[in-house]
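Here the structure comes first, spelled out in structure tokens, and everything after it is commentary.
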Amino acid sequence: ILGEHLRICPQGYTCCTSEMEENFANKSRSEFEAMMKEAGRSVQTTLTAQHRSFDSYFQDLLNKSEKALYDAFPSMYGELYTQNVKVFKDLYSELRRYYRGSNINLEEALNEFWTRLLERLFKLMNPQYHITDEYLDCMVKHAEQHKPFGEVPRDLKVKATRAFIAARSYAQGFLVGSDVVKKVSQVSLSHECTRAIMKLMYCPHCRGMSSVKPCNNYCLNVVKGCLANQADLNTEWKYLMDSLVVVADRIDGPYNIDTVIGTIHMRIAEAISNLQENKDSITAKVFQGCGNPKISTKGSSTEDKKRRGKVALEAKSSAQALEMLVLSAKGNLTALKTYWITLPGSLCSKKVMASSAADDKCWNGMTKGSYLPEVMGDGLANQINNPEVEVDITKPDMTIRQQIMQLKIMTNRLGNANIGNDVDFQDASDDMSGSGSGDSCPDDVCGKRLSKSPSTRQPETHAIPKQSGHGINGASSRSLPSAFLLLSVAFIATQQLWR
């Protein structure tokens, strides 16, 4: 029949009624959105699997260290351990909470552990004296210069904080990446895109050419126009992938989690042995600085026999397992780096089933023949002359812009972790995508983008995604110049008005 009634397909002779054309338009829209979600799910599956593998490995390291402590310390230290079980349990509890994203100052938590342990052990090793809380305060102040636990607290604090910072940021990087893909893959098609996709996929049917494949370059122009905003994720997405690779090298290198996390119990045992071996001299120095405490009226209870000597604890190394874990992650991260700009080509070849580039008897949008227009570049700015999709380059999609900002925040977080700089994570309930700005990748990844020294910065606070993967909750509160904040607010407000 004559096709004067058609609103999307060419108006020559046609096999389609208006109703059929409308049904095809709805079908093409739902099919293309399903393609996007399926492609996104594949990336999400890869990232969440990497997160799950690392998370399981890390938590297992911590669990084994804690279990080794609980198994060995009662026979090694007797009352020194049994009367202070809670101190050790609290330490491992704080370490887990920190790793999972709680807003905890790790150095303070470790300092608190050593302080509480010293107070308890000092009283137990001097049962003949009545030692008050005030006396313990004085003892702690003087003990800092005497180093009752030797160099262990300082050494463990440096190594453990770096390892935990890297591990926490690394684990969260996978979750943030997966969450960004999920949100972006759910962005619905515009009206112009729906028409272009329909013309690409089903207008050949209306011309009686259902077996003719779309021209490859024609398909690329349609999909690049429809996914222009998604392609703008490319730069920050690459930085995130590169930053995760760099931190992976840290975890299996300078901040080796096997060496540090798997031996926490051994370092604590070493510290207690140092205290026992130097008990007399440390006690004398404390008495000299704080005075002699009163003799206890209860009489001196017999001190539990000291277990002196070298600690007979072992740490089973699983360095090969960690190496394989990191190697697998690096391979997957490298493969995902170009996801957003290779997505149009992947959809055209695997889903739309476009013809080969050399085919000159393909569907070109009007008839069977060759496709002459050049292929557009990637991203929103390059779609100004797209011959297949009308794209307003002045109206970026705000959901995608927010996800670009999330990538920047996470990459900046990883950049800090790479150099051992702590970043506070805050698990907030407000469902906001957060904001932030500035340099977003470490020197190792992209030159001088992160050039400021981190040593003078206050810890930053960013939101983390829920473990269930239902979004990135909370907002980041990064110290920024007020002028920049005003410009950011003005920009976002303008975008909302445009919409």
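Net charge of the neighbourhood of Ser355, taken over other residues with C-beta under 15 Å away and scored Lys/Arg +1, Asp/Glu -1, is +3. Kirkwood hydrodynamic radius of region 11-165, from the reciprocal of the average inverse Cα-Cα distance over all distinct pairs: 20.8 Å. Put a dot 7 Å past the Cα of Arg52, heading toward its Cβ, do the same for Glu107, and the two dots end up 3.8 nm apart. Could you compute the net charge surrounding Lys368? Neighbours are other residues with a C-beta less than 12 Å from the C-beta of Lys368; K and R count +1, D and E count -1. Around Lys368, the charge tally is +1. Pairwise Cα distances in region 193-274 exceed 16 Å for 72 percent of all pairs. Between Asp392 and Lys368, full extension at 0.36 nm per residue minus the direct alpha carbon distance yields a gain of 5.7 nm. I want to check the label-to-label distance for Ser296 and Glu277. Put each point 7 Å from Cα in the C-beta direction and report it in nm to one decimal. Inter-label distance under the simple model: 2.7 nm.
Where a number appears in this text, it was derived from the coordinates with a stated rule and is not lab data. Quantities reported herein were computed from a predicted structural model and do not represent experimental measurements. Glycine also receives a Cβ, built like all others from the backbone with ideal geometry; neighbour counts cover every protein chain displayed.
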